Each structure stands twice: as C-alpha cells, then as structure tokens.
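Student: Can you read through this structure? Questions will come right after.
The values are calculated or read from the model by the stated rules, or taken from the named source; none is laboratory data. Computed from a predicted model, the values in this text were never measured in an experiment. Note: ideal-geometry Cβ built from the backbone for every residue, glycine included; neighbour counts use all protein chains shown. The accessibility values were calculated without ligands, DNA or RNA, using every heavy atom of the protein model including side chains. Shrake-Rupley method; radii C 1.70, N 1.55, O 1.52, S 1.80 Å.
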Amino acid sequence: MRELLSAHVLNGAAVALGMLLITAAIGARWGMTAGANAAVGVTLVLLTDTARARRGKFAQMLAAPLLGLPLFLAVQWLRPHPLELGLLLLPGTFLAFLAMAWGSRGIPVAMAGMFAMLFALAPQPAADLHEALQRTAWCALGAALYLVWGVGVNAALNGRYRAQMTAQLLFSLAALLRTHAARLLDDAPDAGAAATAGTDLLLRHAALSDELQATRDLVLESPRTPRRQRLAGMLILVLEMRDRLIASELDLERVRRGEAGTLPQLAAILCTMAADLERIGDALLLGRTPQPAHDHRAALAQLRVVSFRVAAQDDAVRQLAALARGELAPDLSAVRAGWRLFVSPAYWSVQPLLTLWHWRQPALRHAIRAALAVGSGYLLALALPWVARDYWILITIVVVLRGSLAQTLSRRNDRVLGTLIGSLLATGLLVLEPPLPLLLVVLVLSQGVAHAFAVRRYTVTSVAGSLMGLVMVHLLYAATNPAFALVERVADTLLGAAIAWAFSYVLPSWERQQMRAVVERVCRALAQHARRSLDMATLAEITAQPELAWRLARREAYDALSALGHAWERARFEPGSVQPPLQALERLQAHGYQLLGQLSAVQSLMLLRTERLPAATVGAPIAQAARGIEAALDLKQPPPPIDGTEADASALPGIPEALPDPLEPDASPWLLRRVRLAVALAAAVRADADALVRPRAAQCPGARVDP
C-alpha cells in the first residue's frame, strides 16, 4: 500500500494519464499515424517529468524536445541512406550523452535525445522530406502538449508530492532505527557478520543522504504556508535524528560491555519509535491526522545508564507527531533565511560543458564509449536478416550501457529478464489482434509503470518498457508479425546487452582514476564541518554563530561521504587489477561518519550542559582541536604528529554516552575527551585518505608507479 501511495507511482499515473489524453485526442482528430508520432514526442518529454519542485521544472523539461526533435527529423530524412544514417548516429549519440555532464539532471535529457533517434527508426522510411516534416510536426505537437501538461500537473500535485516524499523519508529513518536496535541486541557478532552489518549500515546512510537531498529540493521550496512549514520542520527534525543515530554508533561496544541488561529495553524503545515514525508516514500518505507518539520518558528514567541521545530521539519523534497533528509550530529561522542554499540548482549552467573537455573526464569518455557502441551495434544490425527492426539492438545498448561497470552489469541482467517477460506479454497480446483503443490503453499504462519504477526497480521498468516498445512499434508499423517479433526482440536484446557489456571496458572510467577528487572532497568537507561545529561549541559564541553556515557545512559533509559510499559500491564490481584499496575506502567511510558523530556529541554536550562548562577551561582546547583537525585533513600538507594519548577513552569510567551528574559543577572533562577523540578520528581519516590517494610506489617500496 505504501508503494502504491508513493510519489513515484503517483507521478507514473500522471504521466500515463497525460499520454493517454494527448495521444487519444490527436489520434481521434488526425488519425492513428498522427497519434503514434505524437506518442513519441510525449515520450521524449515525460522522461524528464519526475516529482520535483516547481522552480526550474519548465526549463528541465524543455531541454528534452530541444535536443530530441532535430535528431528525430534528421533520422527520418536519412533513413533511405544507411551510410549517411550511420554517420549521423555517431555524432548524435556523442552529443546526446554529453548531457550527462550535468549529472542526474542531464541523464533523462540524454535518453530523450537517443530515444528520438531510435524511435525514428521504427516506422517505414518516410517517402519524402514532406512526410518526414509531417511526422516531426506530430511529434513536436505531442511534446508541446505534454510540456504544458507536465508543468501544470506538477504544480497541482506539489503539495501531495511534499507529503509523500516526507513520508518516504520517515520510512527510511524508521528502517535505520530498527537496524540500530538490532545491532544493540547482537551482543557478540563474529568478525564477518560485524563487517557485513557495518557495510550495510554505511550503504543505508549513503542512500538516506541521497533521499534527503531529493526531499530538500521539494519540501524546502518556498515554505510559506503553515502546512509546508510543518513538513519543512519535520525534515529538519529528521536531519537531527540522523546525526544522533550516527553518534550513537560510536559507543555501541562500550554500551554492550557496560550495561548489557538495559539493551533489550533500549532496543524495544527504538523499535517503538520506528513504529511511531511509520504511523506518521502512513498518516501523511493517507491524508489523516496521526495518533500522538509514545512517550518513553518514564521508561528511560528507570534505566540506570542510558544514552541521552535515545531520550533526544524520543523527544524528536513526539515532536514529529505533534507537527503532523498541527499541535506544534516549526522552528524555521535558518530555512527562511536561506532555503535556496539547501536545494539543488534549478537552472542550466554552461560550466559543466566547459570543464568537460579533458581526456580523464568520465562524462566525455562515456559519450565517446556510447557513440562507438551504438556505431558497432548499427553495423551489426545491418548484417542481420531482420534489419527492418534494427533499432531494438540500439535501444538495448543505450539503456544498458552506463558510466560504470557495476551499473552496466546490473542493467544488463535486468534488461534481459525484463525484455523476455515483456516480449512474451506483448506477443500474447498482439496475437489476439486487440482493437486500437485497447492497444492505446496498454501503451499508456505500460509507459506509466515503466516511468514510475525507472529508478527504484529497473526490472519492472524493463518489462513495462518492452511491452510499451512493441505496442508502439506495432502502431507505427502495423506489418509486424507478433510471433517472429518475440524471437527478434530476445535476440536483439541479447546482442545489445553483449555489446554494451563489451564496451563498458572501452575507455573505462575506473573509480581509481576519480578517487583523489572524491577523497579530497571528503577531507575538505569534514574539515569545514569541524570548523563550523567547534566554532558553535565555543561558549562565548554559541548563540552568535550563524546556524545557516553550519547546516550547509553539515550537508556537504554528508553529501561527500555519500559520494564516497557510491564510489566504493561501484568499485566492488571492477576488475581487481584496477580496484582502489577497498578496505581503506571502507575505513575512510566509517571513520568519516564517526568523526561526524563525535562532533555531534560535542555539540550535544555544549547545548545541554552550557552552564557547567567554564569558558576558560574549554575555550582554548576546543580552538586548538579545530586547528588540529583542519591540519590533519589538509592533504596538501604532511600530516601533523598526533599524540597517542589523545585517543585514550579510558580517562573517564563508565559509558561514554552517559552525561555527567546534573549536580557536577564541571562537565568539561566529558567534553574535552570527546574533543580528543574527534582529533584522533581526524588523524585516522587522514591515514585512510593517504592510503587511497598516495601512489602505489609510495605504499610499496620498489613498486612501479601506476601512470
């Protein structure tokens, strides 16, 4: 039910409805040929239509037809000339794939350009230039109408999308809470299980960071109405809970050793919090008012030693429920001042294109690789007996070939399985010779399903896309034999997947080649976050420091670690001869998150025990620690010497999570130990970074430096 009520399914339904209305209207007015070509235009634009903020939506969608329509016309014009057509496909593919220089914003535009060329290969060649222009006009009309539809529907569903994305974020956070509860109960994990659990946790945090940014882009846009402000306030609370979860991981082993008897109660409380989060998310999806969250203050007070962050998480969950119920006003002072700084750019900049022209740039190498793969697929298709439908090999190459080997392998397997299932469904449908209205309904429904699950479950997208493609081809070129189409489609898919797999090794962009830039970003972001965090923790300035700058630094730190996690995930599938040191890469992720957790712990102590922290005692050590962390994370300078005693966590007895007694006049020893641990972790991050970016000759004396 949560899947059916999610933003991506609603967006897929809106896409399907728009396609149905536009193609049916054009087909009813000007005939099936006009409707089929208009469906191509609709497809080009809907690739860019996702649940997103209203700002920049039109510019994002407009880029697809601006690139796709000229290519659609050029292929129509050159269809009778195979040599000239091949010479067009090479630069056309290169140009389309250059759009990937803009990252996730450019991928659907690149796919639109490619599909424009490949769908133009589906029907019989145009008799003359006039017919090619007429087909392109129908395509342009469908694109224009869907452009209006997509922008309008996105604005109409904006409020619903905000609630759905926030609900999905709560579900992901609930899953993290349950993972942490399970780790509390796993009192003696073996080394292999512990490593696997740690890896899974890092991947979950990386995925949550990506999900948080997508939600930021939507929820933080113009939070002016009370409902939008409540959702923005909930987002901010989720960010704080994520910080406390990471900090809680620091003391897992010591909590197990110190007060094992409290662990089942703590785990049960965390699971109840997770259930409360899910109920709040369900209420958002259903448009209902959630029940108040459970109050665990009495239960937590009975435990002898307990993490104060668990109590803070309990407060946050109850605040989330109160915000969803409209009983609490959100604190959005920082968001009101600079919400635009927290969201992704909504405009097209030429800067990615200007910095693209370097031989090691992954986007440039991928564009060349894709052009060579499509050219090879086209030459092979010309030699096959079913040359009239050569486009299916090329479509498979385009959707399977990705910038990394890991993504290509995943897409290859999903594509082959999905095409087999989708082709069987399409063949069974077309053999029955259904009426045109039913084919149109199947076309738009399969397009909606393919669009809805393109990012989340590509196998489903591949099944629906294959069904859609065969039905669309049947409409464009009614002479298709369904039975033979099944054999052709499967054969073409296998050939296209094999070509894409082979060309993933051509001009590869191995993670090792990009590792220095990724590691430098991580160290730079962690140093900036430490500087902001420790500035805020200075007693004399804790209320004067701008919260906005700290939040921006925190976001960049998490984003950098998320990018590092994705690089590690991709590198696992690369050949061993070109892999970066995976263990050092994983250690860098773990130590980076631990450093964030220690900084969060320092801030918590400062906020909760400000009156018991003499400024004269803690001010100088905190400033010195900030300088030490920055020096340790500066990869341009040799690492400073670190005193081994700084990492000694035994200076204080008991559980590190325990706060000093409320009657204790001086809480500075607890704070200063946290600061020492943060400095030691910065040194560990630096050691991991050096192991990743240092030439192999420096790591192994006598080894040859890898060029």
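One line per residue, one yes/no per condition, for (1) modelled with pLDDT under 90; (2) over 30 Å from Leu354 (Cα atoms); (3) basic (Lys, Arg); (4) touching a strand residue (DSSP E or B) at 6+ places or on another chain (Cβ under 8 Å):
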site: Gly86; (1), (2), (3), (4): no, no, no, no
site: Leu98; (1), (2), (3), (4): no, no, no, no
site: Trp102; (1), (2), (3), (4): yes, no, no, no
site: Ala182; (1), (2), (3), (4): yes, yes, no, no
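Student: Pull up region 207-221, narrow it to residues that are of a type in the set (Asp, Glu) and part of a helix (DSSP H, G or I), then point me to the one that is farthest from Val455 (Cα to Cα). Steps first, answer last, please.
Tutor: Going through region 207-221, the residues of a type in the set (Asp, Glu) turn out to be 210-211, 217, 221.
Remaining after also requiring part of a helix (DSSP H, G or I): 210-211, 217.
Details: Asp210: 13, Glu211: 12, Asp217: 17 Å.
Top of the filtered list is Asp217.
Student: When the residues of region 554-580 are narrowed to those that are in a loop (DSSP other than H, G, I, E, B) and more than 16 Å from Ala689 (Cβ to Cβ), which ends up farthest from the chain's Cα centre (by Cα)? Full working, then the answer.
Tutor: Step one: filter region 554-580 for residues in a loop (DSSP other than H, G, I, E, B), giving 572-580.
Applying the additional criterion that residues be more than 16 Å from Ala689 (Cβ to Cβ) yields 572-579.
Numbers: Arg572: 18, Phe573: 19, Glu574: 21, Pro575: 25, Gly576: 26, Ser577: 28, Val578: 25, Gln579: 23 Å.
Looking at the filtered set, the residue picked out is Ser577.
Student: Let me ask another. Identify the residue in region 23-67 that is in contact (Cβ under 8 Å) with a residue 60 or more places away in the chain and among the hydroxyl-bearing types (Ser, Thr, Tyr) and, among all such residues, is farthest from Val148 (Cα to Cα).
Tutor: Thr33
Student: Could you check, for region 2-13, whether at least one of its residues is out of contact with any Asp or Glu (no Cβ under 8 Å at 6 or more places or on another chain), farther than 27 Å from Thr166 by Cβ and part of a loop (DSSP other than H, G, I, E, B)? Show your work before the answer.
Tutor: To start, the set of residues in region 2-13 that are out of contact with any Asp or Glu (no Cβ under 8 Å at 6 or more places or on another chain) comprises 3-8, 10, 12-13.
Subset that is farther than 27 Å from Thr166 by Cβ: none.
No; the residues of region 2-13 include none that is out of contact with any Asp or Glu (no Cβ under 8 Å at 6 or more places or on another chain), farther than 27 Å from Thr166 by Cβ and part of a loop (DSSP other than H, G, I, E, B).
Student: Given the conditions (1) open to solvent by 10 Å² or more (accessible area, probe 1.4 Å); (2) under 27 Å from the mean Cα position of the chain (by Cα); (3) modelled with pLDDT under 95, which single one is not true for Glu131?
Tutor: Just one mismatch for Glu131, condition (2).
Student: Find the helices (runs of 4 or more DSSP H) located wholly in region 387-454 whose residues include 1 or more that are closer than 19 Å to Phe97 by Cβ and either among the hydrophobic types (A, V, I, L, M, F, W, C) or open to solvent by 20 Å² or more (accessible area, probe 1.4 Å) (or both), and list them.
Tutor: Details: elements: 391-400, 405-431, 436-452.
Hits in region 387-454: 391-400, 405-431.
Student: Here are some conditions: (1) surrounded by 21 or more Cβ atoms within 10 Å (Cβ to Cβ); (2) modelled with pLDDT under 85; (3) of a type in the set (A, V, I, L, M). Leu218 meets all but one. Which one does it not meet?
Tutor: (2)
Student: Follow-up question, since we're still on this one. So if I check each of Leu88, Leu5, Leu67, Leu10, which one is surrounded by fewer than 23 Cβ atoms within 10 Å (Cβ to Cβ), closer than 25 Å to His130 by Cα and under 28 Å from the mean Cα position of the chain (by Cα)?
Tutor: Numbers: Leu88 fails: under 28 Å from the mean Cα position of the chain (by Cα); Leu5 fails: closer than 25 Å to His130 by Cα; Leu10 fails: closer than 25 Å to His130 by Cα.
Result: Leu67 is the single residue among Leu88, Leu5, Leu67, Leu10 that is surrounded by fewer than 23 Cβ atoms within 10 Å (Cβ to Cβ), closer than 25 Å to His130 by Cα and under 28 Å from the mean Cα position of the chain (by Cα).
Yes/no matrix, rows are residues, columns are (1) at pLDDT 85 or above; (2) among the small types (Gly, Ala, Ser); (3) within 24 Å of the chain's Cα centre (by Cα):
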{"site": "Trp348", "(1), (2), (3)": "no, no, yes"}
{"site": "Thr355", "(1), (2), (3)": "no, no, yes"}
{"site": "Ala363", "(1), (2), (3)": "yes, yes, yes"}
{"site": "Val374", "(1), (2), (3)": "yes, no, no"}
{"site": "Gly377", "(1), (2), (3)": "yes, yes, no"}
{"site": "Ala383", "(1), (2), (3)": "no, yes, no"}
{"site": "Val387", "(1), (2), (3)": "no, no, no"}
{"site": "Asp390", "(1), (2), (3)": "no, no, no"}
{"site": "Ser410", "(1), (2), (3)": "no, yes, yes"}
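Student: Name the one entry in Gly281, Gly233, Gly261 that is in a helix (DSSP H, G or I), modelled with pLDDT under 85 and of a type in the set (Gly, Ala, Ser). Steps first, answer last, please.
Tutor: On the way: Gly281 fails: modelled with pLDDT under 85; Gly233 fails: modelled with pLDDT under 85.
Exactly one residue qualifies, and that residue is Gly261.
Student: Return the residues of region 581-592 that are open to solvent by 10 Å² or more (accessible area, probe 1.4 Å), in a helix (DSSP H, G or I) and touching a residue at least 60 places away in the same chain (Cβ under 8 Å); say none if nothing qualifies. I'd like the intermediate steps shown before the answer.
Tutor: Just the residues of region 581-592 that are open to solvent by 10 Å² or more (accessible area, probe 1.4 Å), to begin with: 581-583, 586-587, 590-591.
Cutting the leftovers down to in a helix (DSSP H, G or I) gives us 582-583, 586-587, 590-591.
Scanning region 581-592 gives Glu586, Arg587, Ala590, His591.
Student: If you don't mind, there's one more thing I want to ask. Could you list, in sequence order, all residues of region 343-366 that are free of Cβ contacts under 8 Å to residues at least 40 places away in the same chain and either in contact with a Lys or Arg (Cβ under 7 Å, 6 or more places away or on another chain) or outside any loop (DSSP other than H, G, I, E, B) (or both)?
Tutor: Matches in region 343-366: Gln351, Leu354.
Student: Does any residue of region 268-276 turn out to be over 26 Å from Met1 (Cβ atoms) and either crowded, with 16+ Cβ neighbours inside 10 Å or modelled with pLDDT under 85 (or both)?
Tutor: Yes: one or more hits.
Student: Pairs, please: C-beta under 9 Å, at least 6 apart or cross-chain, first residue buried (at least 22 other Cβ atoms within 10 Å of the Cβ) and in region 496-515, second of a type in the set (Asp, Glu)?
Tutor: Qualifying pairs under 9 Å: Glu511/Glu574.
Student: Could you list, in sequence order, all residues of region 91-105 that are within 30 Å of Leu5 (Cβ to Cβ) and open to solvent by less than 60 Å² (accessible area, probe 1.4 Å)? Walk me through it before giving the result.
Tutor: Here is the first cut: in region 91-105, the residues within 30 Å of Leu5 (Cβ to Cβ) are 103-105.
Scanning region 91-105 gives Gly103, Arg105.
Student: Against the condition open to solvent by less than 40 Å² (accessible area, probe 1.4 Å) and modelled with pLDDT under 95, how does Ala51 come out, does it pass?
Tutor: Numbers: open to solvent by less than 40 Å² (accessible area, probe 1.4 Å): yes; modelled with pLDDT under 95: yes.
So Ala51 passes the test.
Student: Let me ask you something else. Tell me whether region 604-623 contains one or more residues that are open to solvent by less than 50 Å² (accessible area, probe 1.4 Å), of a type outside the set (Gly, Ala, Ser), at pLDDT below 75 and closer than 16 Å to His529 by Cβ.
Tutor: Among the residues of region 604-623, at least one is open to solvent by less than 50 Å² (accessible area, probe 1.4 Å), of a type outside the set (Gly, Ala, Ser), at pLDDT below 75 and closer than 16 Å to His529 by Cβ, which makes the answer yes.
Student: Return a yes/no flag: does region 173-191 have any residue that is open to solvent by 10 Å² or more (accessible area, probe 1.4 Å), closer than 30 Å to Ala275 by Cα, in contact (Cβ under 8 Å) with a residue 40 or more places away in the chain and under 21 Å from the mean Cα position of the chain (by Cα).
Tutor: Checked region 173-191: at least one residue is open to solvent by 10 Å² or more (accessible area, probe 1.4 Å), closer than 30 Å to Ala275 by Cα, in contact (Cβ under 8 Å) with a residue 40 or more places away in the chain and under 21 Å from the mean Cα position of the chain (by Cα).
Student: Please specify each residue of region 284-314 satisfying the condition of being open to solvent by 40 Å² or more (accessible area, probe 1.4 Å) and modelled with pLDDT of 90 or more.
Tutor: Of everything in region 284-314, those that are open to solvent by 40 Å² or more (accessible area, probe 1.4 Å) and modelled with pLDDT of 90 or more turn out to be Leu286, Gly287, Arg288, Thr289, Gln291, Pro292, His294, Asp295.
Student: Report yes if Ala478 is of a type in the set (Gly, Ala, Ser) and either modelled with pLDDT of 75 or more or under 20 Å from the mean Cα position of the chain (by Cα) (or both), otherwise no.
Tutor: no
Student: Within region 107-122, work out how many residues are within 16 Å of Met472 (Cα to Cα), open to solvent by 10 Å² or more (accessible area, probe 1.4 Å) and either within 26 Å of the chain's Cα centre (by Cα) or aliphatic (A, V, I, L, M) (or both).
Tutor: Of the residues in region 107-122, 1 are within 16 Å of Met472 (Cα to Cα), open to solvent by 10 Å² or more (accessible area, probe 1.4 Å) and either within 26 Å of the chain's Cα centre (by Cα) or aliphatic (A, V, I, L, M) (or both).
Student: Which residues, taken from region 13-47, are surrounded by 24 or more Cβ atoms within 10 Å (Cβ to Cβ) and hydroxyl-bearing (Ser, Thr, Tyr)?
Tutor: Listed by number, the residues that qualify are Thr23, Thr43.
Student: Being among the aliphatic types (A, V, I, L, M) and surrounded by fewer than 21 Cβ atoms within 10 Å (Cβ to Cβ) is the filter here, so list the residues in region 70-85 that pass it. Step through it out loud before you land on a result.
Tutor: Filtering region 70-85 down to residues among the aliphatic types (A, V, I, L, M) leaves 71, 73-75, 78, 83, 85.
Result: Ala74, Leu78, Leu83.
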